[in-house]
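*Asks:* Take a look at the following structure, please.
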Amino acid sequence: MNSQFRHLPSVDRLISERRIKQLERVYPHQLLVNLIRQRLERERRAIAAGNPCPAIDEIVASISAQLRELESPSLRPVINATGVILHTNLGRAPLSREAMTAMDNIARSYSNLEFELDSGHRGSRQSHIEPILCQLSGAEAALVVNNNAAAVLLGLTALARRKEVIVSRGQAVEIGGGFRIPDVMRQSGAKLVEVGTTNCTYGADYEQAITPRTAALLRVHASNFQVTGFTQSVTLEEMVTLGRQYNLPVFDDLGSGCFLDTTIFGLDPEPMVPQSVAIGAGLVFFSGDKLVGGPQAGIIVGKEQLIAKLKRHPLARAVRISKTELAGVAATLLHYLKGEAVEKIPLWQMISASLEEIERRARLWAEALDGLAQVIDGESMIGGGSLPGSTLPTRLVAIGGEGKGKGKNVVQVLAGKLRTNEKVPIIGRISENVLLLDPRSVLPEDDQVVLAGLRNLVTT
Ligand SMILES: *Cc1c(COP(=O)(O)O)cnc(C)c1O
């Protein structure tokens, strides 16, 4: 028997320690007992592995540190200076003031979520958003769910289960985060029939694959990559024409989905929701928090008779949208309806920001760094599975980069310091051993925090 075990204090001994007694004024007794037990269990294993028994003070300190960590919120705001405007790991789209207010109002009280105030009867949560979506998209009907992956899953489950769905091989893509179109289709119970080759698919490929078991033709927007060179794909128009001939609906997974013409801002064209509806897609799927610029949601617009089947399906209940997100999506969509999206939605403010304005901010940031940085030309990305390969010119604050070898470490250390910035973590990106900060993806109201963080970097 290892004698170190005997030095390990008992639970009772620890609970009567002065510092633990102090903690007991703030925290429940049982929580402290549980933490002590877990700590002692870990120490027993450590001793068995040959480590010495820790001092009582050490154990007490580790418990109070653990409490502090449990108490400080793990999920917290950060400043996105990566220049990737829709960064999935950083929470995608920041919301407009109006969207935040709408969410706050609905979160703080009861609401008429599923209650008709006129009749006093039970209502549908979709009634608060469907008219807005129909106006915006020109569709007959609409449905909003938890996210776009759920929207696609619901559409295929409700309309193509035990049947076949034809998709171009070039569109059987992985979106990121493990979301693969073929996997989702398998979950839905629909059989995926891939046609064409990676780079070329023709109308005849779809037509030859149609059987009595075919439920739909599916188009998937290749959100995060481009096929260039010798390529051939079938337009949505051609797919809809073919679908009409065989009485089959066309499903269009737009991924991001967009209500503004991105070419106005010097970007590549991103497929627009009203276009897909006008061309005649039966169902159009897109995200609430990509180029729409709202909270997380999956939006489906399309033909009344198809949407009705989705609404009735049991899975619709499992993937339903929360009341707060619903309020946020509705408020965000209203900006488009009122023609004020570019002024009100942070995403579009970032995309439309002038180079002069970004340069001005970059210079201020660089000044705060006191000669440690310079302002250089660069490119911002849209991200979030939209506009692959399409970037916006920007000005970057570039830190470090001189001197190889040791320089790498310095840049990593600086990036780490910004990430652990006391007030709000600041996230940049490292490229070729230079730490780059892009003002475009930072809300202008956060500039003061950035400046303080940067000043801190040179003084510590
Ligand atoms: C992003 C994306 C999805 C998933 O959308 P979420 O809202 O993240 O669930 C589905 N399909 C395509 C084509 C996408 O780009």
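The values are calculated or read from the model by the stated rules, or taken from the named source; none is laboratory data. Keep in mind it's a predicted model, so treat the numbers as computed, not measured. Every residue, glycine as well, gets a Cβ built from its backbone with ideal geometry; the counts of neighbours run over all protein chains shown. These accessible areas exclude ligands, DNA and RNA; they are computed on the full protein's heavy atoms, side chains included. Shrake-Rupley method; radii C 1.70, N 1.55, O 1.52, S 1.80 Å.
*Asks:* Report the calculated FRET efficiency for Arg19 and Thr101 (r = Cβ-Cβ distance, R0 = 45 Å), to the nearest 0.05. Display every interim value, and only then the final one.
*Replies:* On the way: r = 44 Å, r/R0 = 0.98.
According to the calculation, E is roughly 0.55.
*Asks:* I need the peptides 162-171, 363-372 ranked by packing, meaning the mean over residues of other C-beta atoms within 10 angstrom, with the highest value on top. Intermediate results must be reported in sequence, preceding the final value.
*Replies:* On the way: 162-171: 20.1, 363-372: 16.6.
Packing proxy ranking, top to bottom: 162-171, 363-372.
*Asks:* Any chance you could look up the accessible area of Thr211 with a 1.4 Å probe, heavy atoms only, rounded to 10 Å²?
*Replies:* The accessible area comes out at roughly 60 Å².
*Asks:* Among Asn34, Leu260, Gln226, whose Cα projects farthest towards the positive end of the dipole of the chain, with charges put on the beta-carbon of Lys, Arg (+1) and Asp, Glu (-1)?
*Replies:* Checked the options; the winner is Asn34.
*Asks:* Mind ordering 433-444, 313-324, 328-339 by average Cβ neighbours within 10 Å, highest first?
*Replies:* On the way: 433-444: 23.1, 313-324: 15.9, 328-339: 21.1.
Descending mean neighbour count gives 433-444, 328-339, 313-324.
*Asks:* Any chance you could look up the accessible area of Glu357 with a 1.4 Å probe, heavy atoms only, rounded to 10 Å²?
*Replies:* Solvent-accessible area, nearest 10 Å²: 80 Å².
*Asks:* Checking the cross-link filter: which aspartates and glutamates have an alpha carbon closer than 16 Å to that of Lys311, excluding same-chain neighbours under 8 positions apart?
*Replies:* Glu114, Glu130, Glu140
*Asks:* Sorted by packing (mean other beta-carbon atoms within 10 Å per residue), highest first, where do 445-456, 245-256 land?
*Replies:* Working: 445-456: 17.2, 245-256: 21.5.
For the peptides 445-456, 245-256, the packing ranking is 245-256, 445-456.
*Asks:* Helices from the chain with mean Kyte-Doolittle at least -1.0 and a Cα length along the axis of 27 Å or more, per DSSP H: which? Intermediate results must be reported in sequence, preceding the final value.
*Replies:* Values: long enough: 29-48 (29 Å, -0.56).
Span-like helices, by this rule, are 29-48.
*Asks:* Counting other Cβ atoms within 10 Å, which trypsin sites (Lys or Arg not before Pro) in the stretch 176-272 have at most 16 and lie in a DSSP loop? Write out the running numbers ahead of the final one.
*Replies:* Details: sites: Arg180, Arg186, Lys191, Arg213, Arg219, Arg244; in loops: Arg213.
Answer by residue number: Arg213.
*Asks:* Quick check: the distance between the Cα centres of the stretch 258-328 and the stretch 96-146, to the nearest angstrom?
*Replies:* 15
*Asks:* If you don't mind, there's one more thing I want to ask. Along the Cα→Cβ direction, 7 angstrom out, place labels at Tyr27 and Val458. What is the inter-label distance in nm?
*Replies:* 4.2
*Asks:* For the stretch 3-71, what is the charge dipole size about the Cα centre, in debye to the nearest 20, if Lys and Arg each add +1 at the Cβ and Asp and Glu each add -1 at the Cβ? Before the final figure, lay out each step's value.
*Replies:* On the way: 12 positive and 9 negative charges, 26 e Å.
The calculated dipole for the stretch 3-71 is roughly 120 debye.
*Asks:* Would you work out the charge dipole size for the stretch 95-344 about its Cα centre, treating the Cβ of every Lys and Arg as +1 and the Cβ of every Asp and Glu as -1, and quote it to the nearest 20 debye?
*Replies:* On the way: 24 positive and 25 negative charges, 205 e Å.
With Lys and Arg at +1 and Asp and Glu at -1, about 980 debye.
*Asks:* Further question on the same structure: How much of the accessible area of the stretch 3-71, probe 1.4 Å, is carbon plus sulfur, in whole percent?
*Replies:* So the carbon and sulfur contribution to the accessible surface is 48 percent.
*Asks:* Could you tell me the ratio Rg/Rh of the stretch 3-71? Both radii from Cα atoms, Rh via Kirkwood. Display every interim value, and only then the final one.
*Replies:* Details: Rg = 11.9 Å, Rh = 12.3 Å.
The Rg/Rh ratio comes out at 0.97.
*Asks:* What is the calculated FRET efficiency for Ser74 to Gln226, with r their C-beta to C-beta distance and R₀ = 25 Å, to the nearest 0.05? It would help to have the intermediate numbers written out before the result.
*Replies:* Numbers: r = 37 Å, r/R0 = 1.47.
The calculated FRET efficiency here is 0.10.
*Asks:* Still on this structure, please answer the following. In deg cm²/dmol, rounded to 500, what helix-only [θ] at 222 nm does the chain give when every DSSP H run of at least 4 residues adds -39500 (n - 2.57) and the total is split over its residues?
*Replies:* Numbers: 20 runs with 198 residues, N = 460.
After summing the helix terms and dividing by the residues of the chain, the value is -12500 deg cm²/dmol.
*Asks:* Please identify every one of the GluC sites (Glu not before Pro) in the stretch 92-131 that sits in a loop by DSSP and has no more than 15 other beta carbons within 10 Å of its own beta carbon. Numbers along the way, then the final one.
*Replies:* Numbers: sites: Glu98, Glu114, Glu116; in loops: Glu114, Glu116.
Answer in residue order: Glu114, Glu116.
*Asks:* Okay, next question. Leaving out ligands and nucleic acids, note down the accessible area per residue over the stretch 95-344 with a 1.4 angstrom probe, in whole Å². Please report the intermediate quantities before stating the final value.
*Replies:* Details: 11510 Å² over 250 residues.
Counting only protein heavy atoms, the per-residue value for the stretch 95-344 is 46 Å².
*Asks:* Give, rounded to the nearest 20 debye, the magnitude of the charge dipole that the chain has about its Cα centre when Lys and Arg contribute +1 at Cβ and Asp and Glu contribute -1 at Cβ. Don't skip to the answer; put the middle values down first.
*Replies:* On the way: 51 positive and 48 negative charges, 402 e Å.
Dipole of the chain, to the nearest 20 debye: 1940 debye.
*Asks:* Listed here are the pairs Lys290/Lys423; Lys191/Lys344; Lys290/Lys323; Lys338/Lys417; which of them are more than 31 Å apart at the Cα? If you can, show how the numbers build up before the last one.
*Replies:* Details: Lys290/Lys423 27 Å; Lys191/Lys344 43 Å; Lys290/Lys323 19 Å; Lys338/Lys417 43 Å.
From the list (Lys290/Lys423; Lys191/Lys344; Lys290/Lys323; Lys338/Lys417), the Cα-Cα distance tops 31 Å for Lys191/Lys344; Lys338/Lys417.
*Asks:* Something else: Roughly what % antiparallel, to the nearest 5, for the DSSP beta bridges in the chain?
*Replies:* Details: 29 of 51 bridges.
Bridges in the chain that DSSP calls antiparallel: roughly 55 percent.
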